[in-house]
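Okay, so here's the structure we're looking at.
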Protein chains: 2
Amino acid sequence: MSVDEVQTAPRMKAADRRELILEAATAVFGAKSYVGTTTDEVAHAAGVSQPYVVRLFGTKAKLYIAVIERAYARIIGEFESALPGPVEERRRRMGAAYAGLLAERGMLPVIANSTALGGDPEIGPVARGGFASVWRFVRDEAGFTEEETRDFMASGMLINAVVGLRLVGAYGTEASVTEVLDACFPDAVNRVREFMPAADEPW
Amino acid sequence: MSVDEVQTAPRMKAADRRELILEAATAVFGAKSYVGTTTDEVAHAAGVSQPYVVRLFGTKAKLYIAVIERAYARIIGEFESALPGPVEERRRRMGAAYAGLLAERGMLPVIANSTALGGDPEIGPVARGGFASVWRFVRDEAGFTEEETRDFMASGMLINAVVGLRLVGAYGTEASVTEVLDACFPDAVNRVREFMPAADEPW
DNA sequence: CCAAGTTGTTATCGAATGATTACTTCGGAC
DNA sequence: GTCCGAAGTAATCATTCGATAACAACTTGG
């Protein structure tokens, strides 16, 4: 053993490596969108070589599908743990749970971007399925009315847009921008601002 | 003059050609996103050669920026013409105006996708500016309250998601999907369904 | 201890894409 | 008519990217 460090990634069970790559891929896909991301960037972020990423997931599209499915599962998981407690607080708690996912890199952007990929023959069905599953959860498990569900989902989409636009970085620079953020995160603007990247940070 | 037709595009003033390309580019960018679209596809859709598209706009990014700016201007134009009339009908008329833009290929998807590009150093500022200008218009010109503005914009983002997901093609196939659409287009589901592409149509 | 499956890498390929260059053709002013 | 700027194309280049192939090193059951 010489002074130079190992150049190869430390051995790991494939299942763990998969999860590690999924986490990295979520961040990169979230920052640069599906088409804008190269498998090499994902590999680099995960600390492995590009061909290994391809081999573990078969294809870039399949990797992205795994990322989306994981993200939607994560969302529903968060919503589930926000359910218990007084019904009248449910909406606020679930909204906070969604905003809390901002702390996990790429989670919200991946969800947001997936809603633009309905036209892709492979990814479209998965994206539609994920969105529908969230709607169903909010409606059936959380027991929202149809109108409450629509408003809740619409708020989520607005948050996605605000995040994607990197509006948080512009908080305070212009009246309308500040107002958008105050309207989106009624009682959590400052906490959210800590999570969020500046305008041209790669995130 | 022999039997074969002209292979070259008919001569046109550069300004007109620009507008024609912008219209085609809106459709293509809307269908395949910014990174997913090639300048060659835009050129084909516009009936000109690929180098000419590049020469007229300088760069793919600049072309896309022109597309975004045109789309936001179009939206605000539609909202303006929906303003006159009884105040209590304003919200419904403006909502209908937005849904009506579905008839123009790529218009809504381009807007939706632009909200994901805030991180791009060139495109980000334009996307933020467009979004903020719409918010300002709704708030100041249309005179909505802050809460009304938030709800209105959120509804728009939900519509964007539903369009991007190609959920309309799945209307009637599943209870939750049908409900999503009914909730998004309270009194216009059938009219909207005519506009919208099927799940894996290129649009 | 060693054989075999698992984990991972380096090298490389073919296709696609944005951009540049150099050339051709139209149309209108004089 | 003719000349010159504007409109447009074909050919081509340098990169980039996803995927494949071939190979190397670890680890584990018997």
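The values are calculated or read from the model by the stated rules, or taken from the named source; none is laboratory data. No experiment lies behind these values; they were computed from the predicted model shown. Don't worry about glycine lacking a Cβ; one is built from the backbone with ideal geometry, like all the others, and counts go over all protein chains shown. Areas reflect the complete protein model, heavy atoms only, side chains present, ligands, DNA and RNA absent. Shrake-Rupley method; radii C 1.70, N 1.55, O 1.52, S 1.80 Å.
For the stretch A:26-73, would you read off the P(r) tail past 16 Å as a percentage of all alpha carbon pairs? Walk me through the numbers on the way to the answer.
Values: 351 of 1128 pairs.
That tail contains 31 percent of the Cα-Cα pairs.
Once you have all Cα-Cα distances for the stretch B:48-88, histogram them in 10 Å bins from zero and send the whole-percent values.
Calculated P(r), rounded to whole percents: 26, 30, 22, 14, 8, 0.
Taking each residue of A:163-174 in turn, how many C-beta atoms of other protein chains fall within 10 Å of its C-beta, and what is the average?
Values: counts 3, 11, 13, 9, 7, 1, 4, 5, 0, 0, 1, 4.
Whole-number average of other-chain Cβ neighbours for A:163-174 is 5.
Please name which of B:Ala15, A:Pro10, A:Leu20 has its Cα lying farthest along the dipole of the protein assembly as shown towards the positive end, using unit charges on Cβ (Lys, Arg +1; Asp, Glu -1) and the Cα centre as origin.
Checked the options; the winner is A:Pro10.
Provide a whole-number value for the mean count of partner chain Cβ atoms within 10 Å of the Cβ atoms in peptide B:35-41. Please list the in-between numbers first.
Working: counts 6, 8, 1, 0, 0, 0, 0.
Per residue, the number of nearby Cβ atoms from other chains is 2 on average.
As a test of the definition: with a 1.4 Å probe, what buried accessible area, both sides summed, do you compute for B against A, in Å² to the nearest 100?
Numbers: alone 11260 and 11260 Å², together 19140 Å².
Looking at B and A, the buried total is near 3400 Å².
Which residue fluctuates the most in chain B, going by a Gaussian network model with Cα springs under 10 Å, if the choices are B:Glu174, B:Glu23, B:Glu69?
B:Glu174
Need the C-alpha centroid separation for the stretch A:108-167 versus the stretch B:179-196, integer Å.
Value for the Cα centre distance between the two parts: 17 Å.
Within the stretch A:14-164, what whole-number % of the accessible surface is contributed by carbon and sulfur, with the 1.4 Å probe and all protein chains included in the calculation?
Numbers: 3100 of 6040 Å².
Whole-percent figure for carbon plus sulfur exposure: 51.
For the pairs A:Lys60/B:Lys62; A:Lys60/B:Lys32; A:Lys62/B:Lys60, note any where the Cα-Cα span goes beyond 23 Å.
Values: A:Lys60/B:Lys62 28 Å; A:Lys60/B:Lys32 17 Å; A:Lys62/B:Lys60 28 Å.
Check vs 23 Å cut-off fails for A:Lys60/B:Lys62; A:Lys62/B:Lys60.
Find the all-direction average of the projected area of the Cα convex hull for the stretch B:25-127, expressing the result in square nanometres with one decimal place.
Across all orientations, the stretch B:25-127 yields a mean hull projection of 7.0 nm².
Mind putting a number on the dipole of the stretch A:120-198 about its Cα centre? Charges go on the C-beta only, +1 for Lys and Arg and -1 for Asp and Glu, and I need it in Debye to the nearest 20.
Charge dipole of the stretch A:120-198: 220 debye, to the nearest 20.
Specify the residue with the greatest mean-square fluctuation among A:Gly164, A:Gly156, A:Gly118, computed from a Gaussian network of chain A linking alpha-carbon atoms under 10 Å apart.
Evaluated over chain A, the most mobile residue of the options is A:Gly118.
Which value results for Rg/Rh of the protein assembly as shown when Rg is the Cα radius of gyration and Rh the Kirkwood radius based on the inverse mean 1/r?
On the way: Rg = 22.1 Å, Rh = 22.4 Å.
Here the Rg-to-Rh quotient is 0.99.
Viscosity 1.567 mPa s, temperature 4 °C: what is the translational diffusion coefficient of chain A from Stokes-Einstein with a Kirkwood Rh over Cα pairs, rounded to a whole number of µm²/s? Don't jump to the answer; show the numbers that get you there.
Working: Rh = 18.3 Å.
Result for D is 71 µm²/s.
Percent relative contact order of chain A, based on C-alpha pairs within less than 8 angstrom and at least six residues apart?
Numbers: 190 pairs, mean separation 37.7, N = 203.
Relative contact order for chain A comes out at 19 percent.
Can you give the charge dipole size of chain A about its Cα centre, rounded to the nearest 20 debye, using +1 on the beta carbon of Lys and Arg and -1 on the beta carbon of Asp and Glu?
My answer is approximately 600 debye.
Go ahead and collect, in residue order, the members of the stretch B:49-66 whose backbone nitrogen is under 11 Å from a label point 7 Å along the Cα-Cβ direction of B:Ser133.
Zone members listed by number: B:66.
Give me the net charge of B:Val54's neighbourhood, meaning all other residues with Cβ under 11 Å from the Cβ of B:Val54; Lys, Arg count +1, Asp, Glu -1. Walk me through the numbers before you get to the answer.
Numbers: positive: B:Arg55, B:Lys60, B:Lys62; negative: B:Asp40.
For residues surrounding B:Val54, the net value is +2.
When the Karplus curve 6.51 cos²θ - 1.76 cosθ + 1.60 is applied with θ = phi - 60°, which whole-Hz ³J(HN,Hα) does each residue of the stretch A:47-53 get, with x for Gly and Pro?
Couplings: x, 10, 8, 4, x, 5, 4 Hz.
Residue by residue through B:130-143, how many Cβ atoms from other chains fall within 10 Å of the Cβ on average?
Values: counts 1, 8, 9, 1, 1, 6, 6, 1, 1, 5, 2, 0, 0, 0.
Whole-number average of other-chain Cβ neighbours for B:130-143 is 3.
Can you give the calculated 222 nm mean residue ellipticity of chain B, where each DSSP H run of n ≥ 4 adds -39,500 (n - 2.57) and the sum is split over every residue, rounded to the nearest 500 deg cm²/dmol?
Dividing the helical sum by the residues of chain B leaves -19500 deg cm²/dmol.
If you take all C-alpha pairs in the stretch A:121-182, what percent of them are over 21 Å apart?
Values: 809 of 1891 pairs.
Tail of P(r) above 21 Å: 43 percent of Cα pairs.
Skip the ligands, DNA and RNA, and give the accessible area per residue of the stretch B:1-160 with a 1.4 Å probe, whole Å².
48
For chain B, modelled as a Gaussian network with Cα springs under 10 Å, which listed residue fluctuates most, B:Arg193, B:Arg55, B:Arg70?
B:Arg55
For the stretch A:14-164, with the dipole built from +1 on Lys and Arg beta-carbon atoms and -1 on Asp and Glu ones, taken about the Cα centre, which of A:Ser114, A:Pro84, A:Leu56 lies farthest toward the positive end?
A:Leu56
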